[in-house]
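The values are calculated or read from the model by the stated rules, or taken from the named source; none is laboratory data. Treat the numbers as computed from the prediction; the structure is a model and nothing was measured. Virtual Cβ from ideal backbone geometry, glycine too; neighbours counted across all protein chains shown. For accessibility, only protein heavy atoms count, side chains too; no ligands or nucleic acids. Shrake-Rupley method; radii C 1.70, N 1.55, O 1.52, S 1.80 Å.
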Amino acid sequence: MQGTNPGDALAVVELSRDNIQQVLEQSLTGPVIISFYAPSHPQSVAMNDTLARLIQGRCPLALVNCEAEMEIASYFRIQALPTVLVMSQGQPVDGFAGEKADAEIGAILEQHLPPAWKQTLEDAKALLASGESEPAYGLLKGIEAEAQAAGAEFQLTMADAELAMGDVSSAEVRLGTVGLADQDSYYQSLKAKLALAKEAADTPEIRELQQKFNLDPDNALLRIELARALAQAKREEEALGLLFDVLANDLNCQGGDVKQAFMDILTAMGQGSALANQFRRKLYGLLY
């Protein structure tokens, strides 16, 4: 198989007697597209390029050179070129022979291909496994709306990326949405990572500020200082909660300084943060 991107492991393979068993076994867990062509038949060669473009790595594309692999072509009773078969559970379930417009080919393929976001999710997992957390996080943010259908699988992968990026608060919120039935070994490993990250974020400065604040909880300036220190340690949920407790009763506490500190933390977290958006909605509820 060819390619350098995470999804390319699925992309294109030349089918032969040596690997046909392996490729057909892949159809037990997802679709495999087989394209029969001949180097001397330009239309069938062009079909290979069309299929690769339309599939975009969402499933394996197996190419059979009928001039070199006549036994395979005979087994599938190929009578015309190009011929394309959709394999599932080791059997052909759809296909066509002859030339077709891209739109027709795409319509046939879309009945069988997994959604594009599923391959992106797999790509992100591969990047995380290789330690490339930032590009993995970017891929996951790009499919967040569509990938909600993946349920816990997406939430766990996203929490993994957030922990790798140091966004401990968002990861904690996300892990809190995972139901008991999905709390598998991956979930447990992420909970352990979360505990370690929170322990590392409990700095001597924060402990000292926390002790002072516990003795003087009505000191708004001390509350702001502690919240900013917590946010800097990526403990944004605690920081925002600390400030919101006051804002819920007095939006103009300390001449508006508490609200400003709250907004500064939200701004630093960015528009893409689910936690920040949650607290923005809470603030808007107080304002309006």
(message) I'd like to verify a number: residues in the range 170-189 that are hydrophobic (A, V, I, L, M, F, W, C) and touching a Lys or Arg at 6+ places or on another chain (Cβ under 9 Å), how many?
(response) 2
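Residue by residue through the range 253-273, note down the ones that are within 22 Å of residue 144 (Cα to Cα), among the small types (Gly, Ala, Ser) and exposed (fewer than 15 other Cβ atoms within 10 Å of the Cβ). Walk me through how you get there before you give the answer.
Filtering the range 253-273 down to residues within 22 Å of residue 144 (Cα to Cα) leaves 266-273.
Now drop any that are not among the small types (Gly, Ala, Ser), which leaves 268, 270, 272-273.
If the condition is that a residue be within 22 Å of residue 144 (Cα to Cα), among the small types (Gly, Ala, Ser) and exposed (fewer than 15 other Cβ atoms within 10 Å of the Cβ), then 268, 270, 272 are the ones that fit.
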(request) Report, by residue number, each residue of the range 214-247 that is open to solvent by less than 40 Å² (accessible area, probe 1.4 Å), more than 18 Å from residue 204 (Cα to Cα) and in contact (Cβ under 8 Å) with a residue 24 or more places away in the chain. (result) 220, 240, 244, 246, 247
(message) Against the conditions (1) exposed (fewer than 15 other Cβ atoms within 10 Å of the Cβ); (2) among the hydrophobic types (A, V, I, L, M, F, W, C); (3) closer than 22 Å to residue 260 by Cα, where does residue 192 fall short? Just the number, please.
(response) (3)
(message) Could you go through the range 173-181 and let me know if any residue there is in contact with a Phe, Trp or Tyr (Cβ under 7 Å, 6 or more places away or on another chain), within 30 Å of residue 59 (Cβ to Cβ) and either open to solvent by 50 Å² or more (accessible area, probe 1.4 Å) or assigned to a loop (DSSP other than H, G, I, E, B) (or both).
(response) yes
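Of all the residues that make up the range 195-210, how many are closer than 26 Å to residue 255 by Cβ and open to solvent by 70 Å² or more (accessible area, probe 1.4 Å)? Can you show your working first?
Residues of the range 195-210 that are closer than 26 Å to residue 255 by Cβ, as a first pass: 205-206, 208-210.
Filter once more, keeping what is open to solvent by 70 Å² or more (accessible area, probe 1.4 Å): 205, 208.
The qualifying residues number 2.
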